[in-house]
Amino acid sequence: MHLLRMSADEASRQLRSGRVVATLTVPAGFLAELRSGLTSPSLVYQTTHGGISSRVTQQVQALVYALNRRLQETFVQTDLHYVQLIQHGGIATFGGRRYDVLGLDRMHGLLLQLPKSAQRDRVAEFSRIAGVALGQTGNLLSATASPIGLERAPEKSRSSLLSAQVQAYALALTITFLALLLAAAALAAERDENAIGRLARGLVSLGELVWAKVALAAVVALALGLAIAVVFGVIVEAGSVVGGEPWVRLPLLAVGLLLAGASLGALGALLGALAREARTASLVAVLVVMPIVFLGLVPKQVSPAAGWISDALPFAHAVRYFSSSLYDTDPWATVARELAWLVGLGAIFGVCARAATRRLLA
């Protein structure tokens, strides 16, 4: 946040024109009210309409919070000064007037000079107890001013660049791009060379042709994914990153890489069957990758529609599987659910790719 001092008219004009995103007005008499300590003066702010208005409001609230924190210490010290006057006595200034405060200590001394009586002893005991209680006022005021503190714990987490989420997205993005492109280009190239027609006439079935491309994508995704995981783990171990790399989870990760690659390969085979030629299939696969990745990055809480669409594509399920299989304490429920999604989507895309290939050869 960058603050600029302006007149009220200039600030209003700048806000209307959109040159500034918010104005913060200090009302007349603000400082006098603040110094008096009798009332809590308010700052007045206005923001532009639009998507960033909530962000601007948060920034203004943070600014006022920081100011209150700084003023808090001064106010607590001022209040403690008044408490000490009540406890020990002295000269006080309040509301522009000076007062000579007797104080509990001096009052207690004067009481002891009076003739002894039950009433005198009761008042003297009260002044003594009140003095002891007021001695604890400093701690009470500090606790009341800040009921909840916030301390930053020593760093025990890894860098965001080496986080579980980054590793999961890196694996999913790499195999998504590779599996889609490989399966789509391979099937389209065989069709352009009329290899599919010759093979389908006796050597292999259309289903075997399609599933061969799926298997190719799965094997390549497995090999490349494990290589990325190993490299990532070596970097983590070499940098002595907190948490280390869960090497014992690599077999579980391998299962997900294989099925995610197969599911994405089935989708790539479908794109290759629908494209007219190999170059078109490669271009379509590249263009399809970006929307798939983008939809997988959008949280369902932000856009439910994007979340539903991403559930119909393998990328989001691969990300959740990789993250859970590597770093969740109890990953089995998530792993089973995402495996079911990947198997189901792969089967659907594979059947559709077979049907599309048959239609082209008909």
task: Could you list which residues have their amide H under 5 Å from that of residue 45, counting only those 5 or more apart in sequence or on another chain, with H placed in the peptide plane?
output: 25
field: Stretchable slack from residue 329 to residue 215, in nm (0.36 nm times residue separation minus alpha-carbon distance)
entry: 37.9 nm
message: Need one number: nm distance between label points at residue 123 and residue 46, each 7 Å from Cα along Cα→Cβ, rounded to one decimal.
response: 6.0 nm
Residue-count net charge about residue 352 - beta-carbon cut-off 14 Å; Lys, Arg +1, Asp, Glu -1: +4
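So for 126, 322, fewest C-beta neighbours within 10 Å to most, what's the order?
126, 322
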message: Cut-off is 10 Å between beta-carbons; in what order do 81, 108 appear when sorted fewest neighbours first?
response: 81, 108
field: Label-point separation, residue 132 to residue 67 (7 Å along Cα→Cβ), nm
entry: 4.3 nm
statement: Filtering trypsin sites (Lys or Arg not before Pro) in the stretch 290-362 by DSSP loop and by at most 13 other Cβ atoms within 10 Å leaves 300
query: How far apart, in nm, are two points set 7 Å out from the Cα along the Cα-to-Cβ line at residue 7 and at residue 106?
result: 5.3 nm
message: If I take R0 = 22 Å and measure r between the Cβ atoms of residue 116 and residue 88 in this structure, what FRET efficiency does the formula 1/(1 + (r/R0)^6) give, to the nearest 0.05?
response: 0.30
- line: From fewest to most C-beta neighbours within 10 Å, the residues 101, 319, 210 line up as 101, 319, 210
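A short reminder: the numbers here are calculations on the coordinates, not readings from a lab. What you see is a predicted model; the values in this text were computed from it and never measured. Every residue, glycine as well, gets a Cβ built from its backbone with ideal geometry; the counts of neighbours run over all protein chains shown.
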